[in-house]
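The values are calculated or read from the model by the stated rules, or taken from the named source; none is laboratory data. Bear in mind the structure is a predicted one, so any value in this text is a computation, not a measurement. So basically every Cβ, Gly included, is an ideal-geometry build from the backbone, and we count neighbours across all protein chains shown. These area figures cover heavy atoms from the full protein model, side chains too; ligands, DNA and RNA do not enter into them. Shrake-Rupley method; radii C 1.70, N 1.55, O 1.52, S 1.80 Å.
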Amino acid sequence: MPPKRTPSTSSTRKTTRGTAKNDVTEEGATSNGVAPKRAAPTRATKSKQNGDQAKIKAEPNEIVMAENGGAVITNTPTTQSTTSTISSSGTRGRKLKKPKQGQSDIANSLDERVEKLMEAKKYKPKPKLTDPIPTLEDKWKLLPSFLRVKGLVKQHLDSFNYFVDVDLKKIVKANEMVTSDVDPNFYLKYTGIRVGRPERMDAHSADKSYTPHECRLRDLTYAASIFVDVEYTRGRQLVRRRGVVIGRMPIMLRSNKCVLTNKTDKQMAAMQECPLDPGGYFIVKGTEKVILVQEQLSKNRIIVQEDSKGQMMAVVTSSTHEVKSKAYVYIKKGCLYLKHNSLVEDIPVVAAFKAMGITADQEISKLVVGTDEEFYELFSPSLEQAAMLKLFTQKQCLEYIGKRVRISRRFGSIRRTPIEEAHEILANVILAHVPVLNGDFKQKCVYIAVMARRVLQTIIDPSLMDDLDYLGNKRLELAGQLLSLLFEDLFKKYNTDLKINIDKVLKKPNRAQEFDVFNQLTCHSDNITQGFVRAISTGNWKVARFKMDRAGVTHILSRLSYIAALGMMTRISSQFEKTRKVSGPRALQPSQWGMLCPSDTPEGELCGLVKNLALMTHITTDSEEEPIRRLAFALGCEDLNTITGEELYDHHTYLVTLNGLIIGASRQSQKFVRNVRIMRRNGRISEFVSIFIDDARKMINISSDGGRICRPIIIVENGESRVKDHHIRDLLAGKLEFDDFLRLGLVEYLDVNEENDGLIASYTREITKETTHLEIEPFTLLGAVAGLIPYPHHNQSPRNTYQSAMGKQAIGAIAYNQLNRIDTLLYLLVYPQQPMVKTKTIELIGYDKLPAGQNATVAVMSYSGYDIEDALILNKSSLDRGFGRCQVMRKYATVIRKYANGTYDRVLDPPLNPDNTIPAKFEALDRDGLASPGERLMPGHTLINKQSPVNTTGEPTMGGGFGGGADEYKPTPLTFKYPEPAYVDKTMLTTGENDQTLIKFLIRQTRRPELGDKFSSRHGQKGVIGLIVPQPDMPFNDWGVCPDIVMNPHGFPSRMTVGKMIELLSGKAGILKGELQYGTAFGGSKVEDMSKILIDHGFDYSGKDYVTSGITGEPLAAYIFFGPIYYQKLKHMVMDKMHARAHGPRTVLTRQPTEGRSRDGGLRLGEMERDCLIGYGASMLLVERLMLSSDAFEVFVCQECGYLGYSGWCQYCRSSKRINSLKIPYACKLLFQEMQAMNIMPRLVLEEV
Amino acid sequence: MIAEVPTIAIDMVEFLDNTSVLPDEFIAHRLGMIPLTSHDVEKFKNTRDCSCDQYCSECSVEYTLHARCDGDTPISVTSRDLVSTDSSVVPVLESADDQGILITKLAKGQELNIHCIAKKGVSKEHAKWSPCAAVGFEYDPYNKLKHTDYWFEKDPKAEWPLSDNAKEEAEKKYQTLPDGSDAPFDYNAAPDRFYFRVETVGSMKPENVVIMATRLMQEKLSTLEICLEDDQNPNANQFSNDLGDSMEPW
């Protein structure tokens, strides 16, 4: 059914809004006095001369600085050309150790000394004309290109795409066969799986494809069918079927299965979708749900840490598709033990070695120790212990272990001897990710040996302990991985259900027709569909196999503002317990540099546990291991089987690991690493494969697993950036894309570990010949939300954090389709403006197109005393002209239900008064019984005159019987409850899931700022309106410009938000010059330039103005810091919070007043207030507050028995002789009765006072 | 000048049809902000003083606006589309080819049909009635009265240029002495010249605003004077109370 009276189409809406906004901005500016367009400057406020002086004073300094800096840069290449060029990886390796003697190092130290000299003496060599000018200034242009290719939420999309395209197939492949216990000839095999396009489920629709927006409006799930290809036996026949639907999978918006991918803005508009919306979320039952990124420790890696007793242990969480388990190697009383869940008791490591076939002590110690004397001493007790336990042969050890295996009493499992048991456990359960092929335990032995060695190593040198908070040891789990876990579980369950059903049917001795499994296939599909929907809509992730039970995985996408939605998509939640009082996981880790935003984290209990991705961060997906393994061997990695223990730990030998698995060793580590990198830069292996040397542990680690955090960086070689000016020019001309830079080997992705292996310069001028990489742009270390702050590098850091939290509460534009949405609650600003002082991030994320705030002219001065404690003074005329005006849209929805007995809800036209007028309550209703758009709603008005049948279960009794017949209806209207009047914006009639008629109303309210509404600048400086002053009383400058906001200067000294001052300065300069200024982090418009603009336009360089008081008409005694600052209106408004009551509802049970504004509750006189009254001795006031005004109750007490009586009668004594009446709180009476119910007898003894 | 000089602005809007993207309140607010030529404000009565029931031609001007887009390109509805009942009170246009102030845009099939009533009012009540956008003000360009002291880095004389208003101060007594030294400070001096820099929104001429403002001021002062006189004359008390009811509340 089409929506009722929708006023317009979306494409036109977009254009209209855009222009309207522009125009108003202009108008508003003029009237607010920010930019007096028509006014010619009549007088310079401060002298030009004054400014010139300042300029002269400032300039020499500046020149010195610039030239000095320039000299450093220009000089570098010259120094370099004299030194021999050495390989970048060569220096890289040496960097961690002591510098070795060599030509390069001498040159290096020389270089350093020259630099120091120049810094110390401000030595300024004459720049040569021939010197190259290192520009590369526009290298940040790579960033928009990157974001264009990848989008803002690339991590979610990549992950989901990987799941749908690759992982799904792997899961099906691993579970492809379904057989029957009854009929051995029967089998069903899945030969393929794919996910279709999103389609609606309505039975009668001709065109099945639908848009996400339709799902939002109709409360549907945006999902696509999962098709499988199957092959099965039907009697003697083999049947192949393609495209059998086994369920529906929710589709992530903008993923490659979504209808929105690769659509132009115009097509998006036609689908009522906002082109700026990042996607990356799901729509389940009409609500937008985000699967948050989960942070956890990496799997399959050896991590050495200290246990609670201070002993060293090496832990590995091995995770394969089948099992997930933890194995520990730790040292106790000098001996090494192996611990695993499947073992009842920890076993000596030596026993494990021997059980795996390495029985000679010599061989074991070589494997663990090598030739190191120091290690040998630590290890020998373990060998002795094994001998003491009489564990010599493999058989003895297997038996020893076999006896300690935890026996799973699973039904139907085959009984095995202890030896078999031990063999099985060692091969397939302990360290399951290390493969044991054909009984070859060598790899596993080496693995355990390395674990043992790492423990010993850490004992000798505790600094080798792994840092659990180090980002390189972390993996991020995204929507794709979580869904794949869920799907695997659901699919397995589907198959077991299928098997049970098949068995059931096949058991029947004689069937009417040949059994065709196809019918069974389709009838179970609801389980998978419902499983997905339930998990995503509740956020409870339950995977029984892995004992996984997580709550709060999904969240409703916050649509408070565009930034809130965007911030949600980049959020990372940590698995760490928030109650534990350890600071480690909460602290800012140096390895987060450039990967996670240092500013954007909540305050309070989740501080530091919830993090946000930085702008350029990318999260990897799994890539194939096999080609990398082959490449490693081809590049000189030696197979483990060919190496003895002694060689393994040889001085020059580095172990090579692939995703935590030891695959071999390399004797030429530097060359090996360099070669792998060359292969990667040439595109021979995935760009997300990382390789780095761990010198301390003598390992080369190659990773290709998913969930690693990485980011693109420019490659530097021989002290020169590989990206050259002409590349950037081609980029700007559109000849090159970001991916081309990757392909050409100019830019590469580095993950956290590999980043540590390089030397990254932040700026071109910092490049030395040791530099391996160059940042694309330093400001990308901030995330999308913190990127809004102008000049964040001038602010005290907590201020940026506060703003990151508040930016999400700002009211503004939400999306281009905001007026087509029907959300539960939607806040919109009437005239949003893009900030005068922008940042590059703002342009990149589109905040300038969907802003949330207005440029207010601010005077930093004291005014009236209503501005203490951060309160703001607002100009009344500015409010009249639309400053801070916002719209609040609310949804009211109802369903016209059909009931089991055939009855259904009905909607009636408004009833009439006897005099044929419509009662006030039903005024807003149209003749169809629904409120019509444009109607004004007062509190208590009805939105829909709906009635429901009284009897919904029994048989409908036609003709109306006695009492409660099915044709009797009770009114179930929807009433408008809010205290302020509002208007009906839209009425929508449609059908939701299961063909239920769905009616939604959108209610609109326009609010003008009032006393107590909350505003904030972009620097963590929030404040409420303290006073609204008429414009004539406001201070004004000699042009007559009045401030919109007066802010108290006390906000500055303790907060140290210098960025805000610079924002004002730049904003003012921007207005005078008629252009937008930049406040990008670590860059942006410079204060000197801004001052110059101010001077050129006849203003003071410091941004201060000569101001006349509006009250006295005299000039103010001080010069006022005066100019535009971007202010956000926050969602906390007085209208939603104001509450008071005289008398009102009470709770049923205790008869005490209800609690909370929504229930018209009372205001609590709490414990502390009570204490005050007690302390003061105001006992009668106490009685009044706590009893008389709350739940006073008159009881009758029998003095004979002490029980409560009733109406002057004691039922216990059966008399009314000694009954007294008494006033006590009802809650007290309730307590007595509850105690009586528990066989406790409270007796009241009354005394005469 | 900002607060009490009356002008005419749209005060009530009746929506007959609005299928544009902007909600009713939004459009009503925008209409209110449109400056209307108010040279003849005087001839209108305040609605509250008028004898009519709701509004009449003596206290208000009516406008209608009916626009509908039937073409494929969206059209702009501007202040030019407002049809007035009184030719002397029309939306302000800067020049003949002024496009007018944009109210909203309409896409194909959208329609806006409204009826507006403009009334006389003062900006004390709402800023839409303000004839001025900004009013600059100065009274002592040479800082003779020493109401302020100039902040300076080295030399206040060099750093602070005289404003244009200083040229007006031809008479000796307003200036500093020619040799640069200040005249002896006259602490009894009171400002007696005031310079205004008036920027209007177009509904009135700046000079008219100033004239009207001074007249209003005079009226107020004379009312005050009468009241004070009455106060001092006890015989007139009876009379003044009678008068008090009909007087303006200020």
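Filter region A:819-849 down to residues that are assigned to a loop (DSSP other than H, G, I, E, B) and of a type in the set (Lys, Arg) and give me whichever is nearest to the other protein chains (Cβ to nearest Cβ). Across region A:819-849, the extreme among qualifying residues is A:Arg821.
Taking region A:1105-1124 as the range and being at the interface with chain B (Cβ under 8 Å from one of its Cβ atoms) and either among the basic types (Lys, Arg) or more than 48 Å from the chain's Cα centre (by Cα) (or both) as the test, the residues that pass are A:Thr1108, A:Gly1113, A:Glu1114, A:Pro1115, A:Leu1116, A:Ala1117. All of A:Lys1092, A:Lys1129, A:Lys1104 fail the test of being free of Cβ contacts under 8 Å to residues at least 40 places away in the same chain and either of a type outside the set (Gly, Ala, Ser) or buried (at least 24 other Cβ atoms within 10 Å of the Cβ) (or both), apart from A:Lys1104. Just to be sure, is A:Thr917 without any contact (Cβ under 8 Å) to a residue 40 or more places away in the chain, outside the structural domain of A:Thr1080 (by TED's automatic domain parsing) and more than 23 Å from A:Phe1036 (Cα to Cα)? So A:Thr917 fits the description; yes. Contact map, region B:1-25: residues that are in contact (Cβ under 8 Å) with a residue 24 or more places away in the chain paired with residues that are among the aromatic types (Phe, Trp, Tyr) and part of a strand (DSSP E or B), Cβ distance under 7 Å, separation 6+ or inter-chain. Pairs shown: B:Ile10/B:Tyr63.
Could you list, in sequence order, all residues of region A:680-702 that are in a strand (DSSP E or B) and of a type outside the set (Asp, Glu)? Of everything in region A:680-702, those that are in a strand (DSSP E or B) and of a type outside the set (Asp, Glu) turn out to be A:Ser690, A:Ile691, A:Phe692, A:Ile693, A:Met699, A:Ile700, A:Asn701, A:Ile702.
Is at least one residue of region A:459-476 over 29 Å from A:Leu640 (Cβ atoms), among the hydrophobic types (A, V, I, L, M, F, W, C) and either modelled with pLDDT of 85 or more or open to solvent by less than 70 Å² (accessible area, probe 1.4 Å) (or both)? Yes, the conditions are met somewhere in region A:459-476. Determine, yes or no, whether A:Phe1099 is assigned by TED's automatic domain parsing to the domain that holds A:Pro1049 and assigned to a loop (DSSP other than H, G, I, E, B). So A:Phe1099 passes the test.
The set of residues in region B:1-16 that are open to solvent by 30 Å² or more (accessible area, probe 1.4 Å) and either more than 9 Å from chain A (Cβ to nearest Cβ) or part of a strand (DSSP E or B) (or both) comprises B:Asp11, B:Met12, B:Val13, B:Glu14, B:Phe15, B:Leu16. If the condition is being within 12 Å of chain A (Cβ to nearest Cβ) and either in a loop (DSSP other than H, G, I, E, B) or free of Cβ contacts under 8 Å to residues at least 24 places away in the same chain (or both), then region B:93-124 contributes B:Glu94, B:Gln99, B:Gly100, B:Ile101, B:Ala107, B:Lys108, B:Gly109, B:Gln110, B:Val122, B:Ser123, B:Lys124.
Within region B:116-130, the set of residues being within 10 Å of the chain's Cα centre (by Cα) and over 19 Å from B:Leu82 (Cβ atoms) comprises B:Val122, B:Ser123, B:Lys124, B:Ala127, B:Ser130. When region B:17-32 is limited to residues that are among the hydrophobic types (A, V, I, L, M, F, W, C) and under 18 Å from B:Val61 (Cβ atoms), the one that is nearest to the other protein chains (Cβ to nearest Cβ) turns out to be B:Ala28. Here A:Lys208 passes the criteria (1) farther than 23 Å from A:Arg821 by Cβ; (2) open to solvent by less than 60 Å² (accessible area, probe 1.4 Å) except the one numbered (2). Give me the residue from region B:125-158 that is modelled with pLDDT of 70 or more, at the interface with chain A (Cβ under 8 Å from one of its Cβ atoms) and in a helix (DSSP H, G or I) and, out of that set, nearest to A:Ala1117 (Cα to Cα). Applying the filter and picking the extreme gives B:Ala127.
Restricting to region A:1015-1036, and then to whatever is surrounded by 21 or more Cβ atoms within 10 Å (Cβ to Cβ) and within 12 Å of B:Val135 (Cα to Cα), can you tell me which residue is farthest from the other protein chains (Cβ to nearest Cβ)? It comes out as A:Pro1035.
Residue count for region A:615-655 satisfying the condition of being charged (D, E, K, R) and either open to solvent by less than 10 Å² (accessible area, probe 1.4 Å) or under 13 Å from A:Ala665 (Cα atoms) (or both): 6.
Count of region A:850-888 residues, restricted to those that are part of a loop (DSSP other than H, G, I, E, B) and within 11 Å of another protein chain (Cβ to nearest Cβ), is 4.
Would a scan of region B:70-88 turn up a residue that is in contact with a helix residue (DSSP H, G or I) (Cβ under 9 Å, 6 or more places away or on another chain), more than 11 Å from chain A (Cβ to nearest Cβ) and at pLDDT below 90? Yes, because at least one residue in region B:70-88 is in contact with a helix residue (DSSP H, G or I) (Cβ under 9 Å, 6 or more places away or on another chain), more than 11 Å from chain A (Cβ to nearest Cβ) and at pLDDT below 90.
Would a scan of region B:46-68 turn up a residue that is assigned to a loop (DSSP other than H, G, I, E, B) and within 14 Å of chain A (Cβ to nearest Cβ)? Checked region B:46-68: no residue is assigned to a loop (DSSP other than H, G, I, E, B) and within 14 Å of chain A (Cβ to nearest Cβ). You will find that of A:Val837, A:Val830, the residue that is under 28 Å from A:Pro981 (Cβ atoms), at pLDDT 90 or above and open to solvent by less than 20 Å² (accessible area, probe 1.4 Å) is A:Val830 and no other.
In region A:703-715, how many residues are within 18 Å of A:Met595 (Cβ to Cβ) and part of a strand (DSSP E or B)? Count: 7.
Of the helices (runs of 4 or more DSSP H) lying entirely inside region A:356-446, those containing at least 3 residues that are within 28 Å of A:Lys324 (Cα to Cα) span A:361-368, A:394-403, A:418-424. For region A:1049-1068, does any single residue satisfy the condition of being under 13 Å from A:Asn875 (Cβ atoms) and either within 14 Å of another protein chain (Cβ to nearest Cβ) or open to solvent by less than 20 Å² (accessible area, probe 1.4 Å) (or both)? Within region A:1049-1068 (the criterion being under 13 Å from A:Asn875 (Cβ atoms) and either within 14 Å of another protein chain (Cβ to nearest Cβ) or open to solvent by less than 20 Å² (accessible area, probe 1.4 Å) (or both)), the answer is no, since none of the residues qualifies.
Filter region A:725-748 for residues that are of a type in the set (A, V, I, L, M, F, W, C) and under 18 Å from A:Thr772 (Cβ atoms); which is surrounded by the fewest Cβ atoms within 10 Å (Cβ to Cβ)? This residue is A:Leu744. Exactly one residue out of A:Gly902, A:Gly846, A:Gly865 is open to solvent by 30 Å² or more (accessible area, probe 1.4 Å) and assigned by TED's automatic domain parsing to the domain that holds A:Lys1060, and it is A:Gly865. A:Leu483 meets the conditions (1) modelled with pLDDT of 90 or more; (2) within 30 Å of A:Leu596 (Cα to Cα); (3) open to solvent by 10 Å² or more (accessible area, probe 1.4 Å) in every case but one. The failed one is (3).
Test A:Tyr816 against the criterion of being part of a loop (DSSP other than H, G, I, E, B), surrounded by fewer than 23 Cβ atoms within 10 Å (Cβ to Cβ), in contact (Cβ under 8 Å) with a residue 24 or more places away in the chain and over 22 Å from the mean Cα position of the chain (by Cα), and give yes or no.
Working: part of a loop (DSSP other than H, G, I, E, B): yes; surrounded by fewer than 23 Cβ atoms within 10 Å (Cβ to Cβ): no; in contact (Cβ under 8 Å) with a residue 24 or more places away in the chain: yes; over 22 Å from the mean Cα position of the chain (by Cα): yes.
Here the answer is no, as A:Tyr816 does not meet what is asked.
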